[in-house]
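The values are calculated or read from the model by the stated rules, or taken from the named source; none is laboratory data. Worth saying up front: this structure is predicted, and the values here are computed from it rather than measured. In this analysis, Cβ positions are derived from the backbone assuming ideal geometry, glycine residues included, and neighbour counts consider all displayed protein chains.
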Amino acid sequence: MSLFNTIMENAENAESNAEVSSVESSAESSISSGTEPSWWWDKATPGTGDRPDWLPSQFKSAEDASRSYSELSKKIGTAPDTYDWGAGKSWVEPDYVPMQELAAFAKSNHVPQGVFDKMLDTVGKYLDEFKVDYAEEKALLGENAEARINTLNNWAKSNFTENTFHALTANMQTADAVKAIEEIRNKMIENNTMIPTGNENLAEGIETLDDIENEMVTNFAQYNSDAKYRRQITAKIEKIEKRKGK
């Protein structure tokens, strides 16, 4: 240590000792005069001057406030700087904005990592209840499950627009759903669908050449570009012609 540092250190120590002596002298003066200090640093060290704004009124000393804060922190836990999303890795997307908002809310409320993990795990278990076991559903369809599904897939592609195809096949997730679509397909192939009582005239009204011509005019661009749509229009016209021939 240099001579300069030694001199400065001694000067700082002397200044510190002088401050302590001043506080002790003031405290002793206050106590000897019978006046209770308005606040304390700890049980043995009274504060000087007016009670500071940072010391809550329910605490007598800074030591009491510090101890209370420490005990409260132990009870409510401490939020990490950044939450670990590992407990929800099977379903959560940490970069999803609502998830980031959730993390910010949790941190502002001092939610510890353990509670955060439990929440993610619980939500994951709840979501698992709605997962489809495709192996089990396939088994329910029998050994020819793949053939049945491929048949429906090819039929839907050949008869519906792309949007309808995706809407229909998106629901083929269970054995019951596959069986339901199979029944619809069979009814259409056999031309054996039932018209509800009271709707016969409405159904007949839809199948007119005028309506089909109007549809073609309205969807002229699609008619020119979509071969599948043209086949649908042709099938409607042939159906009307057959009905007229009866």
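In the stretch 153-183, what residues are aliphatic (A, V, I, L, M) and closer than 24 Å to PHE130 by Cβ? Steps first, answer last, please.
Going residue by residue through the stretch 153-183, those that are aliphatic (A, V, I, L, M) are 156, 167-168, 170, 172, 175, 177-178, 180-181.
Passing the criteria: ALA167, LEU168, ALA170, MET172, ALA175, ALA177, VAL178, ALA180, ILE181.
List, please: which pairs have Cβ atoms under 9 Å, are six or more places apart or on different chains, and start with a residue in the stretch 145-171 that is in the same structural domain as ILE233 (by TED's automatic domain parsing) and end with one that is surrounded by fewer than 17 Cβ atoms within 10 Å (Cβ to Cβ) and among the basic types (Lys, Arg)?
If the second residue must be surrounded by fewer than 17 Cβ atoms within 10 Å (Cβ to Cβ) and among the basic types (Lys, Arg), no pairs are left.
Just one of the numbered conditions (1) in contact (Cβ under 8 Å) with a residue 24 or more places away in the chain; (2) more than 17 Å from TRP155 (Cα to Cα); (3) surrounded by 14 or more Cβ atoms within 10 Å (Cβ to Cβ) is not true of MET216; which one?
(1)
Of the residues ALA167, ALA139, only one is modelled with pLDDT under 90 and of a type in the set (A, V, I, L, M, F, W, C); which?
Details: ALA139 fails: modelled with pLDDT under 90.
From the options ALA167, ALA139, the qualifying one is ALA167.
Listed here are the residues, each with its yes/no results for (1) within 18 Å of ARG148 (Cβ to Cβ); (2) among the charged types (D, E, K, R); (3) modelled with pLDDT of 75 or more; (4) touching a Leu at 6+ places or on another chain (Cβ under 8 Å).
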{"residue": "VAL178", "(1), (2), (3), (4)": "yes, no, yes, yes"}
{"residue": "ILE184", "(1), (2), (3), (4)": "yes, no, yes, no"}
{"residue": "LYS187", "(1), (2), (3), (4)": "yes, yes, yes, no"}
{"residue": "GLU190", "(1), (2), (3), (4)": "yes, yes, yes, no"}
{"residue": "MET194", "(1), (2), (3), (4)": "no, no, no, no"}
{"residue": "GLU200", "(1), (2), (3), (4)": "no, yes, no, no"}
{"residue": "ILE206", "(1), (2), (3), (4)": "no, no, no, no"}
{"residue": "LEU209", "(1), (2), (3), (4)": "no, no, yes, no"}
{"residue": "ILE212", "(1), (2), (3), (4)": "no, no, yes, no"}
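Find the residue count for the stretch 139-157, including only residues that are exposed (fewer than 15 other Cβ atoms within 10 Å of the Cβ) and among the basic types (Lys, Arg).
Summing the residues that are exposed (fewer than 15 other Cβ atoms within 10 Å of the Cβ) and among the basic types (Lys, Arg) in the stretch 139-157 gives 1.
Taking the stretch 96-132, which residues are within 11 Å of the chain's Cα centre (by Cα) and of a type in the set (Phe, Trp, Tyr)?
Of everything in the stretch 96-132, just one residue is within 11 Å of the chain's Cα centre (by Cα) and of a type in the set (Phe, Trp, Tyr), namely TYR96.
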